[in-house]
Amino acid sequence: MSQADLLDQDPVFQLKGSMLAITVMELAHNDLARLDAQLAEKVAQAPNFFSNTPLVLALDKLPREEGDLHLGELMALCRKHGLRTLAVRASREEDIAAANALDLPVLPPSGARERVIDPAPKPVEPPKPVEPEVKPTRVITSPVRGGQQIYAQGCDLVVLAPVSAGAELLADGNIHVYAPMRGRALAGVKGNRQARIFCQQMGAELLSIAGQYKVAEDLRRDPNWGRAVQVSLMGDVLNITRL
């Protein structure tokens, strides 16, 4: 076999799965001027959080009576504030057409479910009860350095060493940090609003539960800054109490 034949058999690429933190912006009103002002206020609070952030634009909750949305102008406004649009979530035909014209992927509306179309319906059988899958807690014993990201999929995350600024902890369940916490902690990343964050010493850049977050500027004003705390979600507000 020649060297050219060997090169032809050498794989050029690999497909790999990856968990990426992608922000969803759900628009409640078609008002780009107000959106611009409110985004500028958010960016001023946490400029690093909005630097080249991947974004899904959710348009499926927009009131129809507020008229058509100019998707190109909306994307340009987001890009101005550091948000990079990757896809659109939409249900209205005009929004889907606008996304297709801009070569943007279109995701199904929130809560939508795919269904199989079967031309020959079969007798419906009662669904079998699904046994909940319980995964063991992920435990980290070494320091988490700046730039590191640790994700506990389907379980809690326990860290027994310091978490440096620039590091990121993510968990579908709770997050426990039994050491100084100076990075980012995002619990309940798949929407678990019952998740909690426990810190032995709160000095975080960002704390988030189920998408609701507080940045360092807000956290430093909390009387429990630097102390042992637990963080829970009450409504849409993070509640920080001393342990």
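The values are calculated or read from the model by the stated rules, or taken from the named source; none is laboratory data. On a predicted model such as this, the values are computed, not experimentally measured, just so you know. Here the Cβ positions follow ideal geometry from the backbone for every residue, glycine too, while neighbour counts run over all protein chains shown. Ligands, DNA and RNA are stripped out before the accessible areas are found, and what is left, the full protein with its side chains, is counted by its heavy atoms. Shrake-Rupley method; radii C 1.70, N 1.55, O 1.52, S 1.80 Å.
A few notes on this one:
- Computed packing ranks the peptides 233-239, 209-215, 171-177, 71-77 as 171-177, 209-215, 71-77, 233-239, most packed first, by mean other Cβ atoms within 10 Å.
- Accessible area of region 138-242 divided out per residue, in Å², using a probe of 1.4 angstrom: 45 Å²
- Approximate spin-label separation R145-A37, in nm, with each point projected 7 Å along Cα-to-Cβ: 4.6 nm
- A 1.4 Å probe run over the protein chains yields, for region 23-107, 55 Å² of accessible area per residue, whole-number rounding.
- Length added when fully stretched, T53-T137, from 0.36 nm per residue minus Cα-Cα: 27.3 nm
- Split the accessible area of region 138-242 by element, probe 1.4 Å, and carbon with sulfur accounts for 44%.
- If R0 equals 45 Å, the separation of the Cβ atoms of Y178 and R92 corresponds to a calculated FRET efficiency of about 0.40.
- Only Cα pairs under 8 Å and 6+ residues apart enter the sum, and on that basis the relative contact order of region 23-107 stands at 32 percent.
- Flagged links, alpha-carbon separation over 24 Å, of K80/K214; K80/K190; K61/K190; K190/K214: K80/K190
- Computed over region 138-242: relative contact order in percent, which uses C-alpha pairs under 8 Å that are six or more apart: 18 percent
- If you plug the beta carbon distance of I22 and K128 into 1/(1 + (r/R0)^6) with R0 = 41 Å, you get a FRET efficiency near 0.80.
- Label-to-label distance, R221 versus R193, with points set 7 angstrom from Cα along the beta-carbon direction: 2.5 nm.
- Across q = 0.17, 0.19 Å⁻¹, region 23-107 modelled as identical point scatterers on its alpha-carbon atoms has Debye log10 I(q)/I(0) values of -0.65, -0.81, in the order of the q list.
- Additional length obtainable on full extension of the chain from A161 to V12, 0.36 nm per residue less Cα span: 49.7 nm
- Debye, to nearest 20: dipole size of region 23-107, +1 on Lys, Arg Cβ, -1 on Asp, Glu Cβ: 400 debye
- Ranked by how many other beta carbons lie within 10 Å on average, peptides 156-162, 99-105 from highest: 156-162, 99-105
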